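J.: Next up is a structure, given as C-alpha coordinates.
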Amino acid sequence: MTPLLDFNTPSLIALLPLDAVAALRRAAAAVGYADGTLIFSRGDARPGLSLVREGAVQIGNPGVDGSFVVTSVLGPGQCFGEMTLFGNLPRTHDSVAVGRTVIDQLTPAAFAAVSAAHPEITRALLAMMARRLHAVLEFSDDLRRLPLIVLLAKTLLRMASGGPGGGAVNANQEAMAATLGVSRVAIGKALATLEGVGLIARGYGRVTIRDRAALRAWVDARTMLAPIERAP
(Lines give C-alpha, C1' and ligand atoms only; values in the text may rest on other atoms or scores of the structure.)
Protein backbone atom coordinates (compact mmCIF):
# COMPACT_ATOMS: atom_id res chain seq x y z
CA MET A 1 0.00 0.00 0.00
CA THR A 2 1.51 3.35 -1.05
CA PRO A 3 1.74 6.14 1.53
CA LEU A 4 0.46 8.73 -0.93
CA LEU A 5 1.45 12.01 0.72
CA ASP A 6 3.80 10.69 3.35
CA PHE A 7 6.71 11.25 0.96
CA ASN A 8 8.87 8.60 2.60
CA THR A 9 9.56 10.77 5.64
CA PRO A 10 11.10 8.75 8.47
CA SER A 11 8.91 7.19 11.13
CA LEU A 12 9.21 8.32 14.73
CA ILE A 13 10.45 4.89 15.80
CA ALA A 14 13.21 4.97 13.15
CA LEU A 15 14.59 8.17 14.71
CA LEU A 16 14.72 6.85 18.29
CA PRO A 17 17.16 4.66 20.25
CA LEU A 18 15.76 1.36 21.52
CA ASP A 19 15.47 2.46 25.16
CA ALA A 20 13.35 5.47 24.16
CA VAL A 21 11.12 3.26 22.00
CA ALA A 22 10.60 0.89 24.94
CA ALA A 23 9.74 3.82 27.22
CA LEU A 24 7.18 5.10 24.73
CA ARG A 25 5.54 1.70 24.54
CA ARG A 26 5.36 1.44 28.33
CA ALA A 27 3.81 4.90 28.64
CA ALA A 28 1.11 4.19 26.06
CA ALA A 29 -2.14 2.29 26.19
CA ALA A 30 -2.29 -0.29 23.38
CA VAL A 31 -5.72 -0.25 21.71
CA GLY A 32 -6.83 -2.74 19.05
CA TYR A 33 -9.07 -1.81 16.11
CA ALA A 34 -10.85 -4.02 13.59
CA ASP A 35 -10.53 -3.37 9.86
CA GLY A 36 -12.45 -0.24 8.82
CA THR A 37 -12.87 1.11 12.35
CA LEU A 38 -12.86 4.89 12.67
CA ILE A 39 -10.09 5.74 15.15
CA PHE A 40 -10.49 9.53 15.12
CA SER A 41 -12.73 11.78 13.05
CA ARG A 42 -12.11 15.19 11.53
CA GLY A 43 -12.78 17.89 14.12
CA ASP A 44 -12.09 15.62 17.10
CA ALA A 45 -10.53 17.86 19.76
CA ARG A 46 -9.13 15.12 22.00
CA PRO A 47 -5.35 15.67 22.17
CA GLY A 48 -2.83 12.85 22.15
CA LEU A 49 -0.18 11.05 20.16
CA SER A 50 -1.02 7.83 18.31
CA LEU A 51 1.77 5.43 17.37
CA VAL A 52 1.04 2.56 14.98
CA ARG A 53 2.26 -0.71 16.48
CA GLU A 54 0.61 -3.21 14.11
CA GLY A 55 -1.44 -2.90 10.94
CA ALA A 56 -1.96 0.42 9.16
CA VAL A 57 -4.02 3.59 9.33
CA GLN A 58 -5.56 5.47 6.42
CA ILE A 59 -5.60 9.24 6.87
CA GLY A 60 -8.12 11.09 4.73
CA ASN A 61 -11.53 12.70 4.40
CA PRO A 62 -14.79 11.92 2.58
CA GLY A 63 -14.98 13.33 -0.95
CA VAL A 64 -17.97 15.22 -2.31
CA ASP A 65 -19.12 12.03 -4.02
CA GLY A 66 -19.06 10.09 -0.74
CA SER A 67 -15.81 8.25 -1.44
CA PHE A 68 -12.97 8.29 1.08
CA VAL A 69 -10.07 10.34 -0.30
CA VAL A 70 -6.87 8.97 1.21
CA THR A 71 -4.13 11.47 2.02
CA SER A 72 -1.64 8.99 3.45
CA VAL A 73 -1.30 5.47 4.79
CA LEU A 74 0.74 5.08 7.98
CA GLY A 75 2.35 1.80 8.94
CA PRO A 76 4.15 0.41 12.00
CA GLY A 77 6.42 2.94 13.68
CA GLN A 78 4.66 5.97 12.24
CA CYS A 79 2.56 8.33 14.31
CA PHE A 80 -0.21 10.88 14.01
CA GLY A 81 -1.93 13.40 16.25
CA GLU A 82 1.15 15.50 16.96
CA MET A 83 -0.67 18.72 16.02
CA THR A 84 -3.26 18.04 18.70
CA LEU A 85 -0.47 17.44 21.19
CA PHE A 86 1.70 20.51 20.52
CA GLY A 87 -0.82 22.95 19.06
CA ASN A 88 -4.03 21.94 20.87
CA LEU A 89 -5.63 21.83 17.43
CA PRO A 90 -8.58 19.71 16.30
CA ARG A 91 -7.91 16.84 13.93
CA THR A 92 -8.05 17.75 10.24
CA HIS A 93 -8.66 14.21 8.89
CA ASP A 94 -10.41 10.96 9.67
CA SER A 95 -8.14 8.07 10.63
CA VAL A 96 -9.34 4.56 9.78
CA ALA A 97 -7.82 1.17 10.61
CA VAL A 98 -6.65 -0.95 7.67
CA GLY A 99 -6.85 -4.61 8.67
CA ARG A 100 -6.43 -5.53 12.32
CA THR A 101 -4.55 -2.59 13.78
CA VAL A 102 -2.99 -1.89 17.17
CA ILE A 103 -2.31 1.71 18.17
CA ASP A 104 -0.24 2.86 21.14
CA GLN A 105 -2.25 5.84 22.42
CA LEU A 106 -0.43 8.42 24.53
CA THR A 107 -2.32 11.09 26.46
CA PRO A 108 -0.70 14.53 26.81
CA ALA A 109 0.20 13.69 30.43
CA ALA A 110 1.77 10.36 29.43
CA PHE A 111 3.74 11.99 26.62
CA ALA A 112 4.95 14.80 28.91
CA ALA A 113 6.21 12.29 31.46
CA VAL A 114 8.02 10.00 29.03
CA SER A 115 9.52 12.87 27.01
CA ALA A 116 10.82 14.50 30.21
CA ALA A 117 12.66 11.27 30.99
CA HIS A 118 13.79 10.86 27.37
CA PRO A 119 14.25 14.31 25.74
CA GLU A 120 15.34 12.62 22.52
CA ILE A 121 11.68 11.69 21.93
CA THR A 122 10.65 15.33 21.57
CA ARG A 123 13.66 16.08 19.36
CA ALA A 124 12.84 13.13 17.10
CA LEU A 125 9.16 14.07 16.91
CA LEU A 126 10.00 17.66 15.96
CA ALA A 127 12.48 16.44 13.34
CA MET A 128 9.82 14.17 11.85
CA MET A 129 7.25 17.00 11.84
CA ALA A 130 9.74 19.35 10.15
CA ARG A 131 10.39 16.80 7.38
CA ARG A 132 6.68 16.27 6.85
CA LEU A 133 6.07 20.03 6.69
CA HIS A 134 9.00 20.49 4.29
CA ALA A 135 7.53 17.87 1.97
CA VAL A 136 4.02 19.31 2.15
CA LEU A 137 5.23 22.85 1.43
CA GLU A 138 7.16 21.62 -1.60
CA PHE A 139 4.14 19.64 -2.79
CA SER A 140 1.86 22.67 -2.32
CA ASP A 141 4.23 24.77 -4.44
CA ASP A 142 4.30 22.05 -7.10
CA LEU A 143 0.49 21.98 -7.24
CA ARG A 144 0.43 25.71 -8.01
CA ARG A 145 3.31 25.84 -10.49
CA LEU A 146 3.79 22.63 -12.40
CA PRO A 147 1.91 21.15 -15.36
CA LEU A 148 0.07 17.96 -14.41
CA ILE A 149 2.46 15.61 -16.21
CA VAL A 150 5.48 17.06 -14.38
CA LEU A 151 3.63 17.10 -11.06
CA LEU A 152 2.64 13.46 -11.56
CA ALA A 153 6.19 12.41 -12.48
CA LYS A 154 7.61 14.17 -9.41
CA THR A 155 4.97 12.57 -7.18
CA LEU A 156 5.79 9.12 -8.57
CA LEU A 157 9.45 9.70 -7.73
CA ARG A 158 8.56 10.67 -4.17
CA MET A 159 6.34 7.67 -3.68
CA ALA A 160 8.36 4.99 -5.43
CA SER A 161 9.67 2.02 -3.48
CA GLY A 162 12.68 0.03 -4.61
CA GLY A 163 16.37 0.55 -5.18
CA PRO A 164 18.21 3.47 -6.78
CA GLY A 165 17.78 2.11 -10.31
CA GLY A 166 14.03 1.77 -10.77
CA GLY A 167 11.05 1.72 -8.46
CA ALA A 168 7.34 1.07 -8.20
CA VAL A 169 4.24 2.85 -6.94
CA ASN A 170 1.39 0.59 -5.86
CA ALA A 171 -1.56 2.88 -6.49
CA ASN A 172 -4.29 2.94 -9.11
CA GLN A 173 -5.23 5.89 -11.32
CA GLU A 174 -8.21 6.75 -9.13
CA ALA A 175 -5.97 7.14 -6.06
CA MET A 176 -3.46 9.26 -8.01
CA ALA A 177 -6.27 11.46 -9.34
CA ALA A 178 -7.63 12.02 -5.83
CA THR A 179 -4.16 12.83 -4.52
CA LEU A 180 -3.50 15.47 -7.18
CA GLY A 181 -7.08 16.78 -7.35
CA VAL A 182 -7.66 16.01 -11.03
CA SER A 183 -9.75 13.59 -13.05
CA ARG A 184 -8.87 9.95 -13.61
CA VAL A 185 -8.91 10.64 -17.36
CA ALA A 186 -6.28 13.37 -16.95
CA ILE A 187 -4.07 11.01 -14.94
CA GLY A 188 -4.48 8.30 -17.58
CA LYS A 189 -3.35 10.65 -20.35
CA ALA A 190 -0.33 11.85 -18.35
CA LEU A 191 0.71 8.28 -17.54
CA ALA A 192 0.34 7.30 -21.20
CA THR A 193 2.64 10.15 -22.21
CA LEU A 194 5.28 9.18 -19.63
CA GLU A 195 5.03 5.57 -20.78
CA GLY A 196 5.31 6.63 -24.41
CA VAL A 197 8.69 8.26 -23.83
CA GLY A 198 9.93 5.18 -21.98
CA LEU A 199 10.08 6.61 -18.44
CA ILE A 200 7.47 4.37 -16.80
CA ALA A 201 5.48 1.19 -17.39
CA ARG A 202 1.85 0.86 -16.36
CA GLY A 203 0.38 -2.24 -14.73
CA TYR A 204 -2.76 -3.17 -12.86
CA GLY A 205 -2.86 -0.89 -9.81
CA ARG A 206 0.86 -0.23 -10.23
CA VAL A 207 3.29 2.09 -11.99
CA THR A 208 6.90 1.02 -12.49
CA ILE A 209 9.64 3.61 -12.96
CA ARG A 210 12.09 2.20 -15.51
CA ASP A 211 15.03 4.42 -14.53
CA ARG A 212 14.75 6.69 -11.51
CA ALA A 213 17.71 8.88 -12.57
CA ALA A 214 16.25 9.38 -16.04
CA LEU A 215 12.85 10.35 -14.66
CA ARG A 216 14.49 12.70 -12.14
CA ALA A 217 16.46 14.39 -14.94
CA TRP A 218 13.25 14.71 -17.00
CA VAL A 219 11.47 16.37 -14.05
CA ASP A 220 14.37 18.67 -13.14
CA ALA A 221 14.58 19.94 -16.73
CA ARG A 222 10.93 21.06 -16.51
CA THR A 223 10.65 22.60 -13.03
CA MET A 224 12.85 25.69 -13.57
CA LEU A 225 14.13 25.38 -9.99
CA ALA A 226 17.29 23.80 -8.70
CA PRO A 227 16.50 20.33 -7.28
CA ILE A 228 16.50 19.99 -3.49
CA GLU A 229 18.80 17.32 -2.16
CA ARG A 230 17.28 15.69 0.91
CA ALA A 231 19.49 14.96 3.90
CA PRO A 232 19.59 11.24 4.82
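J.: Give me, ordered by chain and number, the residues 5 or more places off residue 206 or on other chains with an amide H under 5 Å from its own placed amide H.
T.: Here the answer is 171, since their amide H atoms fall under 5 Å of that of residue 206.
J.: For the stretch 32-90, what ratio Rg/Rh do Cα atoms give with a Kirkwood hydrodynamic radius?
T.: 0.96
J.: Cα-based Rg (one decimal) and Dmax (whole number) for the stretch 62-143, in Å?
T.: 15.0, 47
J.: Roughly how many percent of the accessible protein surface of the stretch 105-175 is carbon and sulfur, given a 1.4 Å probe and a whole-percent answer?
T.: 65 percent
J.: Cα-based Rg (one decimal) and Dmax (whole number) for the stretch 79-195, in Å?
T.: So, for the stretch 79-195, Rg and Dmax equal 18.3, 54 Å respectively.
J.: Report, in whole Å, the centroid distance computed from the Cα atoms of the stretch 144-161 and the stretch 76-123.
T.: Distance between centres, Cα-based: 30 Å.
J.: Further, regarding this structure: Which cross-chain or sequence-distant (5 or more) residues have an amide H under 5 Å from the amide H of residue 56, H modelled 1.01 Å from N in plane?
T.: Residues meeting the amide H criterion: 98.
J.: Could I ask something else about it? As a check on your grasp of the helix formula, calculate [θ] at 222 nm for the chain: sum -39500 (n - 2.57) over DSSP H runs of n ≥ 4, divide by the residue count, round to the nearest 500.
T.: -13000 deg cm²/dmol
J.: Alpha carbon centre of the stretch 11-36 versus the stretch 193-216: separation in Å?
T.: 36 Å
J.: Could you tell me the ratio Rg/Rh of the stretch 3-105? Both radii from Cα atoms, Rh via Kirkwood.
T.: Radius of gyration relative to Kirkwood radius: 0.96.
J.: Return the ratio Rg/(2.2 N^0.38 Å) for the chain, where Rg is computed over Cα atoms only.
T.: Scaled against compact globular proteins, the figure is 1.07.
The values are calculated or read from the model by the stated rules, or taken from the named source; none is laboratory data. Small disclaimer: the values here were computed from a predicted structure and weren't measured. All accessible areas refer to the heavy atoms of the entire protein, side chains included, with ligands and DNA or RNA removed. Shrake-Rupley method; radii C 1.70, N 1.55, O 1.52, S 1.80 Å.
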